[in-house]
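*Asks:* This is the structure I have questions about; it appears just below.
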Amino acid sequence: MSELLSIKEASEWASSHLKKNVTTANISYLIQYGKVKKYGNNGTIAVKKYDLITYYKSYNGQRESNWREKLGKDLNWALSFDNLKEKDTTKHIHRLHPYKGKFIPQLVEYFIDNHTDNFKKEIYFNKGDIVLDPFSGSGTTMVQANELGIHAIGVDISAFNSLISNVKIGTVDFDNLKTELNRITRALRDFIFKNKNTQFEKELLEELNSFNKKNFPSPEFKIKVRNKEIIEKVYTPKKENEFFQIFEALKKKYNLKIRQDKSNSFLEKWYLEPVKNEIDFTFEQLKKIKNPTTKKIITIILSRTIRSCRATTHADLATLKEPVTTTYYCGKHGKICKPLFSIFSWWVRYSKDTVKRLQEFEGFRTNTHQICLQGDARNIDIFLTLENKNPEFAKLVKKQKIKGIFSSPPYVGLIDYHEQHAYAYDLFGFKRNDELEIGPLYKGQGKQARESYIEGISQVLINSKRFLQEDFDIFLVANDKYNMYPTIAEKSGMKIVNQYKRPVLNRTEKNKSAYAEIIFHLKEK
Ligand SMILES: C[S@@+](CC[C@H](N)C(=O)[O-])C[C@H]1O[C@@H](n2cnc3c(N)ncnc32)[C@H](O)[C@@H]1O
């Protein structure tokens, strides 16, 4: 068991142990990514048979070999990042605001940093280079570029996404930020104190706690449901109704108005009246801020807060169904839950969290340029737009030109990027450009949508080429189900020189089957 094997011996042994071909490159990968321990020096590298057995027996080891069988030997397991925890992929400023369609920072790092391995055989970006992300989204490429000492330009059609990106990499006046946050929190506390909804909510919570303790004890309730001693479908509506009577009585006692009179806009439909009043009050406070960067950061905090306070059940937070205006049985928590009647606790929590995350990032920040330009990547003049925003950076970009692209384009018919932040557009009044989104969900995945998608992405590549160095490298992350990227490359006068297959784990959807996305490497034809 403690027998030492050379890499070649290990590959032979593993091939016969697993009854499939395990190459020496596979073994080297296990060593390189710390999955099995390395013994000996260069030249005489060895691994222990015992370590290999343990690895192949482990969940990840089994999953890795199963997935390889299904998706092909060229699956690059290093890109699964199966060793990372959620806190690593959402480290510091990467979690300043929710955003559907983000890629993980470590994926960007893998391609733009200066390491090489069996799959990535060259270094594509060095310190001082400029990287472009024409679909910047929440700014992941820019943040990682900053950490690595690389300049970066982002472009995004959505004003709100550009704001998230620029807040992430902008410099922060921490004293001013804390002062303004304290001022607004104090004002909000005073505002809420005058209203009866906090007293109502306090009493409601007390009633809920004692009701849940009696009728939904944890974990006994869930165990009984599992053992079919309680039929959830019969029991819960009865209890829901029982508590509803208590809720109605309290509402009457406090004479509380819960629904808004109109439901035309997002803010009218998805917020209870007391919450909407607090949102409006806080927004008025925000308008008083003079320092522009502080104002932008606090806009993001308020946006994150109101996103968490939409009148929805806990289960439907990600995909809103119908507004909830009363208490309800929550399948997720196995008890009666309530919608939010105040934004205060989320506001306080997100204010503190944002300051902490921005401060954490200070420890990684390099003195390089990053900026997200709001515009249509199909036709934006990067040099000109940048000149107006940051002349010093514009000069550098014109002289040096952009080294390459790292980006994840929208995929056809998957996400509506404006609509996912409808609450922010509604409150802050940013102009929406839904009709300029490439491949939005609302246009579907039909033939016409696919054709216009191919046209759109090709135009972005052709437009971007004007600002790139001659020997550029372009990396595009896409799960190209419709095999459109070969046509896109052709139309853009480029060729696909490599494809990295990345296993996608931890998917939130119910379907957890083997699935890989491709990172296309394109170069000039
Ligand atoms: C997959 S997301 C990028 C996510 C990003 N990699 C991140 O980690 O946050 C695609 C982005 O492309 C943007 N987009 C769609 N059409 C665009 C266009 N015509 N010009 C520029 N950006 C566009 C969307 O607003 C969206 O933010």
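The values are calculated or read from the model by the stated rules, or taken from the named source; none is laboratory data. Treat the numbers as computed from the prediction; the structure is a model and nothing was measured. Backbone-built Cβ (ideal geometry, glycine too); neighbour counts: all protein chains shown. Please note that ligands, DNA and RNA were not included when accessible areas were found on the heavy atoms of the full protein model with its side chains. Shrake-Rupley method; radii C 1.70, N 1.55, O 1.52, S 1.80 Å.
*Asks:* Here is a check on your reading of the model: is N379 modelled with pLDDT of 95 or more, within 16 Å of the ligand (Cβ to nearest atom) and either in a helix (DSSP H, G or I) or not hydroxyl-bearing (S, T, Y) (or both)? First the steps, then the outcome.
*Replies:* On the way: modelled with pLDDT of 95 or more: yes; within 16 Å of the ligand (Cβ to nearest atom): yes; either in a helix (DSSP H, G or I) or not hydroxyl-bearing (S, T, Y) (or both): yes.
Yes; evaluated as a whole, the condition is true for this residue.
*Asks:* Here's something else I'd like to know. How about region 118-142: which of its residues are open to solvent by less than 20 Å² (accessible area, probe 1.4 Å) and either at pLDDT below 95 or more than 9 Å from the ligand (Cβ to nearest atom) (or both)? Let's see the steps before the verdict.
*Replies:* Of region 118-142, the ones open to solvent by less than 20 Å² (accessible area, probe 1.4 Å) are 120, 124-125, 130-134, 136-142.
K120, Y124, F125, I130, V131, L132, M142 - these are the residues of region 118-142 that are open to solvent by less than 20 Å² (accessible area, probe 1.4 Å) and either at pLDDT below 95 or more than 9 Å from the ligand (Cβ to nearest atom) (or both).
*Asks:* Which condition breaks for K100 when tested against (1) touching a helix residue (DSSP H, G or I) at 6+ places or on another chain (Cβ under 8 Å); (2) part of a loop (DSSP other than H, G, I, E, B); (3) open to solvent by less than 30 Å² (accessible area, probe 1.4 Å)?
*Replies:* (3)
*Asks:* Given the criterion over 27 Å from K288 (Cβ atoms), buried (at least 16 other Cβ atoms within 10 Å of the Cβ) and within 33 Å of the chain's Cα centre (by Cα), identify the matching residue among E207, E180, E201. First the steps, then the outcome.
*Replies:* Details: E207 fails: within 33 Å of the chain's Cα centre (by Cα); E180 fails: over 27 Å from K288 (Cβ atoms).
None of the other options fit; the residue is E201.
*Asks:* While we're looking at this one, here's another question. Are any residues in region 486-499 within 16 Å of the ligand (Cβ to nearest atom) and either assigned to a loop (DSSP other than H, G, I, E, B) or under 19 Å from F111 (Cα atoms) (or both), and if so, which ones?
*Replies:* S492
*Asks:* Let me ask something else about it. Out of all the residues in region 22-40, which are part of a loop (DSSP other than H, G, I, E, B) and of a type outside the set (S, T, N, Q)? I'd like the intermediate steps shown before the answer.
*Replies:* So in region 22-40, the residues part of a loop (DSSP other than H, G, I, E, B) come out as 22-23, 33-38, 40.
Across region 22-40, the qualifying residues are V22, Y33, G34, K35, V36, K37, K38, G40.
*Asks:* Can you tell me how many residues in region 12-32 are over 36 Å from the mean Cα position of the chain (by Cα) and open to solvent by less than 60 Å² (accessible area, probe 1.4 Å)?
*Replies:* 5
*Asks:* So, in region 415-472, how many residues would count as being under 30 Å from I279 (Cβ atoms) and assigned to a strand (DSSP E or B)? Even if it seems obvious, please write down each step before you answer.
*Replies:* Step one: of region 415-472, the residues under 30 Å from I279 (Cβ atoms) are 415-437, 440-442.
Still in the running and assigned to a strand (DSSP E or B): none.
Qualifying residue count for the region: 0.
*Asks:* I'd like to verify a number: residues in region 284-318 that are of a type in the set (D, E) and either closer than 29 Å to C337 by Cβ or assigned to a loop (DSSP other than H, G, I, E, B) (or both), how many? Explain how you work it out, then say what you get.
*Replies:* First, the residues of region 284-318 that are of a type in the set (D, E): 284, 316.
Narrowing further to those that are either closer than 29 Å to C337 by Cβ or assigned to a loop (DSSP other than H, G, I, E, B) (or both): 316.
Looking only at that region, the number is 1.
*Asks:* Could you count how many residues in region 82-97 are in a helix (DSSP H, G or I), farther than 20 Å from W347 by Cβ and either within 11 Å of the ligand (Cβ to nearest atom) or touching a residue at least 12 places away in the same chain (Cβ under 8 Å) (or both)?
*Replies:* Keep residues of region 82-97 that are in a helix (DSSP H, G or I), which gives 86-89, 92-95.
Then keep just the ones that are farther than 20 Å from W347 by Cβ; that gives 86-89, 92, 94.
Narrowing the set further to residues that are either within 11 Å of the ligand (Cβ to nearest atom) or touching a residue at least 12 places away in the same chain (Cβ under 8 Å) (or both) leaves 88-89, 92, 94.
Qualifying residue count, region 82-97: 4.
*Asks:* Now for a separate question. Please find, within region 426-450, the residue that is surrounded by the fewest Cβ atoms within 10 Å (Cβ to Cβ) out of those that are farther than 30 Å from E470 by Cα and within 12 Å of the ligand (Cβ to nearest atom). Don't jump to the end; show me each part of the working.
*Replies:* Of the residues in region 426-450, the ones farther than 30 Å from E470 by Cα are 426-435, 440-449.
With within 12 Å of the ligand (Cβ to nearest atom) added as a condition, the list becomes 432-435, 440-441, 443.
Working: R432: 18, N433: 16, D434: 15, E435: 10, P440: 21, L441: 18, K443: 19.
Per the stated criteria, the residue is E435.
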